[in-house]
Amino acid sequence: MSETSQRRIVIGDVHGHYEGLMTLLTAIAPTSNDRLYFLGDLIDRGPQSAQVVNFVKNNNHPCLLGNHEQMLLNVLTGGSASSSAMQAWLYGGGQATIASYQEATIPQEHIDWFSTLPPYLDLGDVWLTHAGVDPFMPLNKQTSEQFCWIREEFHGMEKPFFADKLIIVGHTITFTLPGVSPGQLAQGKGWLDIDTGAYHPRSGWLTALDVTNNLVHQVNVFKKRVRSLPLEEATVIIDPGEIKGARRNQQRA
């Protein structure tokens, strides 16, 4: 497959794995003509959140607001953030983020930058957001609650939300969806999930999708393994009925 000179490359949840990200980008070898997009959750859980944020921010790569950035903002800019909000963020990996900064202090310029991150980006044929959309709400009524946090309602959509756009998301680790193995992508009705669980011990795969050429580039942050696959070969098709069935089983448990 010949690659075009201008690529749109979407990168899933990095979660502080700076060295893995650098290895992945070395394999991709982006040029000045290429455009990198990050789906959010740059931070938390992994060891080098500060370095990841510096890289994305200083290179002006478009990045979306993830639920982990939102949790950080709720704690550090809320004014009266509750102890439960603080504990939720720390439990979700915030402690690793704090530890990655010098003197365990997140600089104001990073906090201000997090505050500017958009909840979605419309690229014409593809639409990027961190978690998804609520299929039962008009888009203009939705907030970061939906864009950063939604799961089952989105994955269980029985028809595409957009007639002419593919929604690309992260947030939900793909192997938690029915029939998907660690490292595989998941595709449903009008959506594609590329969060392959870089931080998770069952996976370790960090994924970048070359939208232009339908290529998947991955690095395993634990095993230092790099691979590239055609999108079709790397993706499992999800049956919406299986999502709803899994949810019903969870509710009965």
Quiz prompt | Single condition residue 134 does not satisfy, out of (1) under 19 Å from the mean Cα position of the chain (by Cα); (2) closer than 24 Å to residue 43 by Cβ | solution = (2)
Exercise. For the stretch 146-153, indicate whether the set of residues that are in contact with a Ser or Thr (Cβ under 6 Å, 6 or more places away or on another chain) and modelled with pLDDT of 95 or more is non-empty.
Key: yes
Quiz item: Of the conditions (1) surrounded by 17 or more Cβ atoms within 10 Å (Cβ to Cβ); (2) within 30 Å of residue 165 (Cα to Cα), residue 115 fails just one. Which one is it?
Solution: (1)
Practice problem: Only residues that are open to solvent by 40 Å² or more (accessible area, probe 1.4 Å) and not hydroxyl-bearing (Ser, Thr, Tyr): list them for the stretch 119-132, please. | Solution: 119, 121, 122, 123, 125
Quiz item: Is there any pair with a first residue in the stretch 108-136 that is at positive phi and a second that is part of a strand (DSSP E or B) and among the acidic types (Asp, Glu) whose Cβ atoms are under 9 Å apart and which are 6 or more apart or on different chains, and what are they?
Solution: 132/193
Practice problem: Could you run through the stretch 5-38 and say how many residues are surrounded by 15 or more Cβ atoms within 10 Å (Cβ to Cβ) and not in a helix (DSSP H, G or I)? | Solution: 17
Practice problem: Check whether at least one residue in the stretch 154-171 is touching a Phe, Trp or Tyr at 6+ places or on another chain (Cβ under 6 Å) and on the phi > 0 side of the Ramachandran plot, and report yes or no. | Solution: no
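Would you be able to say whether some residue in the stretch 155-166 is in contact with a strand residue (DSSP E or B) (Cβ under 9 Å, 6 or more places away or on another chain), within 26 Å of residue 16 (Cα to Cα) and either part of a loop (DSSP other than H, G, I, E, B) or among the polar types (S, T, N, Q) (or both)?
Kept after step one, since they are in contact with a strand residue (DSSP E or B) (Cβ under 9 Å, 6 or more places away or on another chain), are these residues of the stretch 155-166: 155, 157, 160-162, 165-166.
Okay, now just the ones that are also within 26 Å of residue 16 (Cα to Cα), so 155.
Now narrow it down to the ones that are either part of a loop (DSSP other than H, G, I, E, B) or among the polar types (S, T, N, Q) (or both): none.
No.
The values are calculated or read from the model by the stated rules, or taken from the named source; none is laboratory data. It should be emphasised that the depicted structure is a prediction, and the values quoted were computed from it without experimental measurement. FYI the Cβ positions are ideal-geometry reconstructions off the backbone, even for glycines, and counts take in every protein chain you see. Remember, those area values only see protein heavy atoms, side chains included, never the ligands or the DNA or RNA. Shrake-Rupley method; radii C 1.70, N 1.55, O 1.52, S 1.80 Å.
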